[in-house]
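The values are calculated or read from the model by the stated rules, or taken from the named source; none is laboratory data. Computed from a prediction, not measured in an experiment: that's the story for all the values here. Here Cβ is always computed from backbone atoms with ideal geometry, including for glycine, and neighbour counts include all displayed protein chains. For accessibility, only protein heavy atoms count, side chains too; no ligands or nucleic acids. Shrake-Rupley method; radii C 1.70, N 1.55, O 1.52, S 1.80 Å.
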Amino acid sequence: MSACKVMNTFHTLLNKTKALDFLAPLALRLYLVPIFWMAANNKWNPFDSESSLDGVIGWFGPGGLDLPLPELMAYLAWGAEYFGAILLLLGLAVRWISIPLMTTMIVAALSVHWPNGWLAIAEPSAQSAKAVEILKEYGNYDWLTQNGNFVILNNGIEFATTYFIMLLVLFFIGAGKYFSIDYWFAKKFIK
């Protein structure tokens, strides 16, 4: 059997996986839903009478991130994340909602995470060694680390960039087949 024939056989087998290509955008959407849902509800939970967007507005404004129009920016960020999570879950207007969500990730990366570099989780350092020492002395270190090592959040641009890339993929390929309202709308109304 020639090398070309073997390659063609493998290529034909790989092409058969296209029947399941709806799984990739579905997985991206389902992965991003809780991220944006939690981010929105950490800013403001409209179903909790004690929750308010005031803290975020203050953080966005003077003395915080110094963003222009902090109240508007806070509502836009919250709205993109809150309604974005819902739309991603439903697979509705996925390409459209990806735009404000990507914008939110760019703003977050540049205004919050950029000064911290790339890494989301800090590499082990003298600070983390000191933190481990304190936890061993004053905390229940074995309980705290029973599911993994102690880590320190570095808060770099890694997560925002990763979410941006995932949203960029959804922007270009859409919500996917079968498990999205977009697919069924397009099938019914777009010829």
- Note on the structure: Accessible-area order for Met105, Met7, largest to smallest, probe 1.4 angstrom, reads Met7, Met105
- Item | Residue-level accessible surface for Ile121, protein heavy atoms, 1.4 Å, Å² | 70
- Message: So, R0 is 35 Å and r is the distance between the beta-carbons of Leu153 and Tyr178; what FRET efficiency does that work out to, to 0.05?
- Response: 0.40
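Among the listed pairs Lys43/Lys130; Lys16/Lys191; Lys43/Lys187; Lys18/Lys43, give every one whose C-alpha distance is greater than 29 Å. Before the final figure, lay out each step's value.
Working: Lys43/Lys130 32 Å; Lys16/Lys191 26 Å; Lys43/Lys187 37 Å; Lys18/Lys43 39 Å.
With Cα atoms farther than 29 Å apart: Lys43/Lys130; Lys43/Lys187; Lys18/Lys43.
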- Message: Could you tell me how far the Cα centroid of segment 7-21 sits from the Cα centroid of segment 83-108, in Å?
- Response: 31
- Task: Report Asp66's accessible area, 1.4 Å probe, all protein chains in place, as a number in Å² to the nearest 10.
- Result: 100
- Calculated from the structure, Cα extents along the principal axes in Å equals which of [x] 57, 44, 29; [y] 60, 43, 25; [z] 66, 46, 29? [z]
- Note on the structure: Per the charge dipole of segment 1-96 (beta-carbon charges, Lys/Arg positive, Asp/Glu negative, Cα centre), the residue among Tyr75, Leu65, Leu90 reaching farthest to the positive end is Leu90
- Message: Using only Cα atoms and rounding to the nearest 10 degrees, what angle (0 to 90) does helix 3-16 make with the longest principal axis of the chain?
- Response: 70
- By how many degrees, between 0 and 90 and to the nearest 10, does the Cα long axis of helix 126-138 differ from the longest principal axis of the chain? 70
- Message: Rounded to the nearest 10 Å², what accessible area does Tyr82 have for a 1.4 Å probe in the complete protein model?
- Response: 20
- Query: Cα axis of helix 94-108 to longest principal axis of the chain: angle in degrees, 0 to 90, nearest 10?
  - Reply: 30
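Can you give me the accessible area per residue for the chain, using a 1.4 Å probe, in Å²?
Working: 12760 Å² over 191 residues.
On a per-residue basis, the chain sits at 67 Å².
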- Would you mind putting 70-81, 108-119, 134-145 in packing order, based on average other-beta-carbon counts within 10 Å, highest first? 70-81, 108-119, 134-145
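Helix-only estimate, please: 222 nm mean residue ellipticity of the chain, summing -39500 (n - 2.57) across DSSP H runs of length 4 or more and dividing by its residues, to the nearest 500. Each step should come with its number before you reach the end.
On the way: 9 runs with 120 residues, N = 191.
Helices in the chain give a 222 nm mean residue ellipticity of -20000 deg cm²/dmol.
Roll a 1.4 angstrom probe over the protein heavy atoms and tell me the percent of accessible area of the chain that is carbon or sulfur. Could the numbers behind the result be given before it?
Working: 8570 of 12760 Å².
Heavy-atom surface of the chain belonging to carbon and sulfur, 1.4 Å probe: 67 percent.
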